[in-house]
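Asks: The structure is given below, and queries will be raised subsequently.
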Amino acid sequence: MKPAIFLLFTASAVAVDFDREIRPLLQKHCVECHGEKKQKGELRLDAKSFALKGGHDGPAIVAGKAEASPLFQRLTSTDDNERMPPKGEPLSAAQIAAVRTWIDAGAVWPENAADKAAVVDKRLQHWSVQPVGTGFGTSASIDAFIQASLSAKGLAMSPEADRRTLIRRLSFDLTGLPPTPERVEQFVRDSDPGAYEKLADELLKSPHYGERWARHWLDIAHYADTHGFERDQLRPNAWHYRDYVIESLNADKPYHEFLREQIAGDIIRPEDEQAVIATGFLAAGPWDFVGHVETKSDMLRRAARAGDLDDMVTQVITATMGITINCARCHDHKLDPITQQEYYQLWSVFAGVKRGEREVSAEESKRLADEKARLGKALAQARAQIAKLAGEGLELATLLPKDSGIDLRYGTVTKDKQGYHRDIQTNRLQKLQNVPGVKWVFVPDGKGVVTLDYQVEVKGIPATSGHFWDTIANRPLNAQRSTKLGDTDYSTKGHTILAMHANSGITFDLIKLREQSGLEALRLTGLVGFGASKEAAASRADFTVFVDAELKFQKLKLRKDETAALDLAVPASAKTLTLVATDGGDGIASDLLFIGDLKLVTEAAESRLTDAETVELKKLRAEAQKLESDLKALPEPAKVYAIVSDPQPPVIKLQRRGNPEDEGAEVLPAAFTWAKHAPSALGENATPEGQRRLALANWITHSDNPLTARVIVNRLWHHHFGQGLVTTPSDFGLGGSLPSHPELLDFLARELITHGWSLKHVHKLIVMSKAYRQESGFGFSRNNAAEAATTLDSSNRLLWRQNPRRLDAETLRDTVLAVSGKLNLARGGPGYRDFHYTEAYAPIYDYITPDQPELWRRSIYRFIVRTTPHQFMSTLDCPDPANLTPARVNTTTALQALTLSNNDFMLQQAGHFATRLERETGSHEAAIRRAFALAFQRAPSAAELQAATPLVTEQGLFALCRMLLNANEFIYLD
Amino acid sequence: MNPHSPFPYHQQKRFVSRRDFLWELGGGLGGVALAAMMNEAQAAMNPLAPKAAHHPAKARAVIQIFCPGGLSHVDTWDYKPELAKRQGKPFDPEGKLTFFASKPGNCQQSWWPFRQHGECGRWMSDLFPKLAQRVDDMSFIHSMQSKTALHGPAMFMANSGFILPGFPSMGSWVTYGLGSASQDLPAFVVLPDPRGLPPGGVINWGAGFLPAIHQGTTLQTDVEKPPIADLFPSKNFAHLRGQDEQASRDFLQTLNRAHATERAGNSELEARIAAYELAARLQLSAPEATNLRGESDATKQLYHLDHEDIGTFGRQCLLARRLVERGVRFVQIFCGAENTTAKKIRPNWDSHEDLVRDHGYWGAILDTGASALLADLKSRGLLDSTLVICTSEFGRQPAAQGAGKGRDHNPGAFTAWMAGGGIKGGTAYGSTDDLGFKAAENPAYCYDLHATALHLLGLDHEKLSFYNNGVQRRLTDVHGHVIKDIIS
């Protein structure tokens, strides 16, 4: 229904000037809800292209037909709920008539500058996504850029710091260690004007450079040596990746190669161990064992996997390109031009990647496995023949590799001791590969059926919890307290132990054993009992023996103080022998069963040997001994905690609101479309897993990628000046800070690229600059009036001085050791563990402070535990490795004062420092002078000497050393 | 000092204010330069300086009792008569559900009978006879949910709002937002169960990306150990304790002052000098706060301090009261440790096999300690200004776990309760379905609990934020509503 009033105006229509009458009307009444900020009904009326396109319900304006245009209909509706604008009075009749006339006349909308600007996505104008600048002239330099922006404010750089300050600054920045007093004196006295450059070159070549700068990189990779979450288990092989970072930096590996290897090294050079190890980067973050493995709920597993992929893509993109993406997990990024779809496209790149142990070299692992199998087979044959000739019987335990166990979950041989497991599929046979004579192991629950070959079912196993502890092993179990049964200690020479903690089962292959030995009719003998300590809780267990499917022996509810002797016939026709240890119905606690001297012996009477047989026996025994030692000498294949790749990754779908249970459209592997340096598509669903990563690695390290080079040079700057040119080093997006010196940033990025992505080249440029070498004082009465500088640039973003900095936790600890003379400079290899480790459902880490050289290594080699941070280090602001940490936070707290004053480590080292002074000097005064030189790289003032003397006289050198290690000068760099 | 301070302990002392202190220290500096530095120095010297709240606060302090492992709501706070009616009937006849560790067994009614209590007439089970007498002070949120059924991530969520590690805990957000009301004690103190750390470990009271000063300080509840790590040199260096320390300290401050004078304007150096002074004060205040000798026999009896099992938690609760009295802002008490398989009774509330055994054990502990705490706070006039929160990371299923006597994890529903500090006692918010399987009316998450607690402390959960890696982060992420219904 149309109000009659409009008919009046239709007739008297006159031409309407859009810019004079319509545009202001739209601006005033419509744009608040239909503009840049809000788009109700997905309609915008603030610019031509949007307005003519329409909204959620289609076009709002039908040119030439006002009556048919929803815009006009809504303006003129008599329904209060329909009529626009929704608040206040309807438009006046004159205004409505103007709109009608305008639409009827063809809705002509002359495009002005605002219309054009509105279409442009402002986010794409952001500085950091523009190409890196080029064409810097020969006069371009760090100092020229810094000086220019200072001059613009009427400021100037501070004078160059003195040499003592410079060598301290440069040594800590490049190596994380203080210079020795001797090197300081040499540098201070060096008359060569090139002395500083010589020093810089020397430090950049030092192997400690890589140790220092690896710490910064590992902070943004949130590296640690355990999984994290509830069951925070060890990653004993993660350290290979840490060493890879150190060595790559020391070798000045081109930065783009460094990145490519960390994302796809296993694809780029699968035969290169270091390239495979590099992918430890992708696995460096936390991983939830309970969510991925232990839970029986698929929904929880999906949630854990979603968290895992989020962590992985966030780390890769944040570390390399300094943009935050995880906002887009639930919705399009609110600030940066990243859609939710693009976020899940990155998941698709990593869809086939899981964290896990992998062999460093597949080829080498196969060679070792083949060799192991060959030796194992030969040894088994020799033993069987010995058994046949000598009538000694075959020790079944020795079929298992010495001092190893069989992992019940996978049927693999392992040297690791294992803990409680309740997350395995029960009654499933795990075949063994390289253990001749043993067919398989399993975890019985006594409820389901265990089916041997040929549909042969084993019946009669008592019901169990289906949980288990540890491996089946040719050695005492983890937690086993006794190896004695009766009067015999089965751990002594000439005896064997086959350990079988409940609930476990093992099947021996009698056909194989017979082939090797020629033995036919046999007897099985041995003694079954508990290896629990006397104090352990009362516990019952069962032991059952099957020959083929026939139950031949069963002892139920065996008590801890009981044993059961085995002695039963095994007919010549039997194919398998199966032993089963179960929990007696009271849980597996303390069910540490083992069988002493478990043997298959021939039924035949002991044979009398001929001379030839005696010679043969001697030869066989020598052969067996040699084979045994060869086997023992075979190394384990080197493993690294890195990634396990699924060549055909699952298809990834967008998750609405980030909910793994609410999937949307399928997505393909791709990067972000806003970056124009290379196509964003990275593959199809058919693209193999590794190729996706490789494509992303190439996309990230493309020399025209606007972010990668800028981000890394800014990180270097950040660590040399205490703050970056961009003060948010991992956020170059619209939420991050703007660069203080955009051209300088581009100049450095360009230098990096044109010098073969050499990080050391950029380091050298920075440390050689005057800006870096300035004094760090506030400049009172120097080049700048204090008030001018502090007023104009109190946060020193223009760098009118260098920034004083506090040593971080690792550097502080290393420096204490260096000063005390105890620093152990051993490089590489497994980290030092300064904790007691207790195997438990959730492993327990108790930190200890023994005064021992292996714990005096540099902090970069610390074995880092996620759930139990190191109290000393955390108090000193060492970050939680759950976080990606581009910049350390510094706090000043009373707890730090207590820790540095009273912690055992500090007091031990103060003691060593004092002992060192006694050893190296001959008087109190000399000792005090030496102490200042070691701790502060300078001589004491007269006043300081005067204050220190009575302290040393009355309380000894220890008191002096303890306080020097607490001094501000020790902890701050000028 | 505010004469109406809720912390009577403070009325007895006058402290040198931070500003006075700085002026004394900085006496050698030019006045103008010093004034220019003042703001920066103030922040650098003590990021725990009291800060203005967003709005007037009802609570000045929080004591949070955390029951890790998953406290069963259907056996305790959430009365479900319909569950009793279906006792023994299959919970999931079609066999569609899989819980964390099992397929559901039959419906299992509460192992303890429920009764109505107090003037409000709210229901509570016989597991908590003493808390039942405090019901008129308590308010229950029955519709709590978690985003996960895994202990580790659920613990992180309950404490930091996120299932991933690395985010600041509620206590650290509160001290970040309000600073400290004590000049001698840490603002955020954690009292872990003496049996061990909870699932997820110390991350549960970490500061995440907030400055480390905001992380919880663990107070060792073992009587044998000093209350704070490194408060004094260890036994190995016992000879260092005592009066000789003063000469060393004087020497150190001489060095530091000379060093700072040459570097005028660097406020961090002054802050570090002040930190050593505070450390010295802490050496006096922490042993005083944790020494229970001065408590009356009646008080010790109230908390059952001499009971072998109950007494350790009673001691934690009593310590919490003493800390709050002395101005500590946030105290977190853990009633339970991490899972281990070594014990016959579970070391926390995670009752998979035998709920009567494990909840029976822990119930008596929580009942005695928490009821004593409420009574003690009230009798000292502290309950009105102290918000007491009791929660868990999730609840337990209304079905038995398989054919056993336990219950599996239930992230779909659990109950948290609060008392004191502006809470309207005897009330409840939200409800679960007939069986207690899922939240039904007014579903809530830790976001809402956190938003409400912050509100009572005078903080707006949407304004309390910190920039990290591109995001202005909040305790409540992008969620959370203040639950007005339970506020007095």
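Asks: Return yes or no: is A:Val360 surrounded by 23 or more Cβ atoms within 10 Å (Cβ to Cβ) and in contact (Cβ under 8 Å) with a residue 12 or more places away in the chain?
Replies: No, not satisfied.
Asks: Which of the residues that make up the stretch A:729-745 are within 14 Å of chain B (Cβ to nearest Cβ), in contact (Cβ under 8 Å) with a residue 24 or more places away in the chain and not aliphatic (A, V, I, L, M)?
Replies: If the condition is that a residue be within 14 Å of chain B (Cβ to nearest Cβ), in contact (Cβ under 8 Å) with a residue 24 or more places away in the chain and not aliphatic (A, V, I, L, M), then A:Pro729, A:Ser730, A:Asp731, A:Phe732, A:Gly733, A:Gly735, A:Gly736 are the ones that fit.
Asks: Look at A:Asn883 and say whether it is surrounded by fewer than 23 Cβ atoms within 10 Å (Cβ to Cβ), under 16 Å from A:Gly228 (Cα atoms) and either of a type in the set (Ser, Thr, Tyr) or within 7 Å of chain B (Cβ to nearest Cβ) (or both).
Replies: Here the answer is yes, as A:Asn883 does meet what is asked.
Asks: Separate question: Enumerate the strands (runs of 3 or more DSSP E) found wholly within the stretch A:500-605, keeping only those where 2 or more residues are basic (Lys, Arg).
Replies: Correct list: A:550-559.
Asks: Let me ask something additional. Does the stretch B:206-235 hold any residues that are over 17 Å from A:Ala894 (Cβ atoms) and within 11 Å of another protein chain (Cβ to nearest Cβ), and which are they?
Replies: B:Gly206, B:Gly208, B:Phe209, B:Leu210, B:Ser234, B:Lys235
Asks: State all residues of the stretch B:445-488 that are among the aliphatic types (A, V, I, L, M), in contact (Cβ under 8 Å) with a residue 60 or more places away in the chain and either in contact with a His (Cβ under 8 Å, 6 or more places away or on another chain) or over 30 Å from B:Gln109 (Cβ atoms) (or both); if no residue qualifies, say none.
Replies: Correct list: B:Ala453, B:Leu454, B:Leu456, B:Leu457, B:Leu459, B:Leu464, B:Leu475, B:Ile487.
Asks: Out of (1) in contact with a strand residue (DSSP E or B) (Cβ under 6 Å, 6 or more places away or on another chain); (2) crowded, with 23+ Cβ neighbours inside 10 Å; (3) not assigned by TED's automatic domain parsing to the domain that holds A:Gln315, what's the single condition that is false for A:Leu682?
Replies: So A:Leu682 meets the others, but not (3).
Asks: Does the stretch B:460-467 include one or more residues that are within 14 Å of another protein chain (Cβ to nearest Cβ) and over 23 Å from the mean Cα position of the chain (by Cα)?
Replies: Checked the stretch B:460-467: at least one residue is within 14 Å of another protein chain (Cβ to nearest Cβ) and over 23 Å from the mean Cα position of the chain (by Cα).
Asks: Restricting attention to the stretch A:363-408, report how many residues are among the basic types (Lys, Arg) and either at positive phi or surrounded by fewer than 19 Cβ atoms within 10 Å (Cβ to Cβ) (or both).
Replies: Residues in the stretch A:363-408 being among the basic types (Lys, Arg) and either at positive phi or surrounded by fewer than 19 Cβ atoms within 10 Å (Cβ to Cβ) (or both): 5 in total.
Asks: Can I ask one more? Identify, by number, the condition in (1) part of a loop (DSSP other than H, G, I, E, B); (2) in contact (Cβ under 8 Å) with a residue 40 or more places away in the chain; (3) out of contact with any helix residue (DSSP H, G or I) (no Cβ under 8 Å at 6 or more places or on another chain) that A:Arg888 doesn't meet.
Replies: Exception for A:Arg888: condition (3).
Asks: Starting from the stretch A:849-866, take each residue that is over 12 Å from A:Leu817 (Cβ atoms) and list its partners that are β-branched (Val, Ile, Thr) and in a strand (DSSP E or B), counting only C-beta distances under 9 angstrom and pairs at least six apart or across chains.
Replies: These pairs meet every condition: A:Phe863/A:Thr226; A:Ile864/A:Thr226; A:Val865/A:Thr226; A:Arg866/A:Thr226.
Asks: If I go through the stretch B:122-156 residue by residue, how many of them are within 14 Å of another protein chain (Cβ to nearest Cβ) and crowded, with 24+ Cβ neighbours inside 10 Å?
Replies: 10
Asks: So which residues in the stretch B:159-189 are touching a strand residue (DSSP E or B) at 6+ places or on another chain (Cβ under 6 Å) and more than 24 Å from B:Leu231 (Cα to Cα)?
Replies: Once the filter is applied, which keeps residues that are touching a strand residue (DSSP E or B) at 6+ places or on another chain (Cβ under 6 Å) and more than 24 Å from B:Leu231 (Cα to Cα), the stretch B:159-189 yields only B:Val174.
Asks: Return the residue satisfying two criteria in turn: it lies in the stretch A:920-969 and is surrounded by 21 or more Cβ atoms within 10 Å (Cβ to Cβ) and either among the charged types (D, E, K, R) or out of contact with any helix residue (DSSP H, G or I) (no Cβ under 8 Å at 6 or more places or on another chain) (or both), and of such residues it is nearest to the other protein chains (Cβ to nearest Cβ).
Replies: Ranking the candidates gives A:Glu969 first.
Asks: Being in a helix (DSSP H, G or I), among the basic types (Lys, Arg), out of contact with any Leu (no Cβ under 8 Å at 6 or more places or on another chain) and in contact (Cβ under 8 Å) with a residue 12 or more places away in the chain is the filter here, so list the residues in the stretch A:183-232 that pass it.
Replies: Across the stretch A:183-232, the qualifying residues are A:Arg183, A:Arg215.
Asks: Could you check the stretch A:149-182 and list, in sequence order, the residues that are more than 23 Å from A:His761 (Cβ to Cβ), part of a helix (DSSP H, G or I) and out of contact with any His (no Cβ under 8 Å at 6 or more places or on another chain)?
Replies: A:Leu150, A:Ser151, A:Ala152, A:Arg163, A:Arg164, A:Thr165, A:Arg168, A:Pro181, A:Glu182
Asks: Pick from the stretch A:819-847 the residues that are within 12 Å of another protein chain (Cβ to nearest Cβ) and of a type in the set (Val, Ile, Thr): which of them is surrounded by the fewest Cβ atoms within 10 Å (Cβ to Cβ)?
Replies: The residue in question is A:Thr838.
Asks: Among all residue pairs at least 6 apart or on different chains, which show Cβ distances below 6 Å where the first residue, located in the stretch A:565-581, is exposed (fewer than 13 other Cβ atoms within 10 Å of the Cβ) and the second is of a type in the set (Val, Ile, Thr)?
Replies: Here the result reads A:Asp567/A:Thr525, each pair linking the stretch A:565-581 to a residue that is of a type in the set (Val, Ile, Thr).
Asks: Okay, next question. Take the residues of the stretch B:256-273 that are of a type in the set (A, V, I, L, M) and within 21 Å of A:Thr891 (Cα to Cα): which is farthest from the chain's Cα centre (by Cα)?
Replies: B:Ala264
Asks: For the stretch A:649-662, check the following and say yes or no: at least one residue is part of a loop (DSSP other than H, G, I, E, B), in contact with an Asp or Glu (Cβ under 8 Å, 6 or more places away or on another chain) and touching a residue at least 12 places away in the same chain (Cβ under 8 Å).
Replies: Yes, the stretch A:649-662 contains at least one residue that is part of a loop (DSSP other than H, G, I, E, B), in contact with an Asp or Glu (Cβ under 8 Å, 6 or more places away or on another chain) and touching a residue at least 12 places away in the same chain (Cβ under 8 Å).
Asks: Quick one: which helices (runs of 4 or more DSSP H) lie wholly within the stretch B:269-386 and hold at least 2 residues that are more than 14 Å from every other protein chain (Cβ to nearest Cβ) and within 30 Å of A:Asp591 (Cα to Cα)?
Replies: B:355-379
Asks: Then there is this: Is it the case that A:Ile277 is crowded, with 24+ Cβ neighbours inside 10 Å and either of a type in the set (A, V, I, L, M, F, W, C) or not in a loop (DSSP other than H, G, I, E, B) (or both)?
Replies: yes
Asks: Got a number for residues in the stretch B:165-205 being within 10 Å of chain A (Cβ to nearest Cβ), surrounded by 24 or more Cβ atoms within 10 Å (Cβ to Cβ) and either touching a Cys at 6+ places or on another chain (Cβ under 8 Å) or β-branched (Val, Ile, Thr) (or both)?
Replies: Going through the stretch B:165-205 one residue at a time, the tally reaches 1.
Asks: When B:Arg263 is evaluated against the numbered criteria (1) charged (D, E, K, R); (2) at the interface with chain A (Cβ under 10 Å from one of its Cβ atoms); (3) surrounded by fewer than 16 Cβ atoms within 10 Å (Cβ to Cβ), which criterion, by number, is the only one it fails?
Replies: (3)
Let's see how each residue does on (1) under 21 Å from B:Glu119 (Cβ atoms); (2) in contact (Cβ under 8 Å) with a residue 24 or more places away in the chain; (3) in contact with a Ser or Thr (Cβ under 6 Å, 6 or more places away or on another chain):
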residue: B:Tyr361; (1), (2), (3): no, yes, no
residue: B:Ser379; (1), (2), (3): yes, no, no
residue: B:Lys405; (1), (2), (3): no, yes, no
residue: B:Ala413; (1), (2), (3): no, yes, yes
residue: B:Thr427; (1), (2), (3): yes, yes, yes
residue: B:Phe437; (1), (2), (3): no, yes, no
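The values are calculated or read from the model by the stated rules, or taken from the named source; none is laboratory data. Small disclaimer: the values here were computed from a predicted structure and weren't measured. Ideal geometry is used to build each Cβ from the backbone, glycine not excepted, and the neighbour counts take in all protein chains shown.
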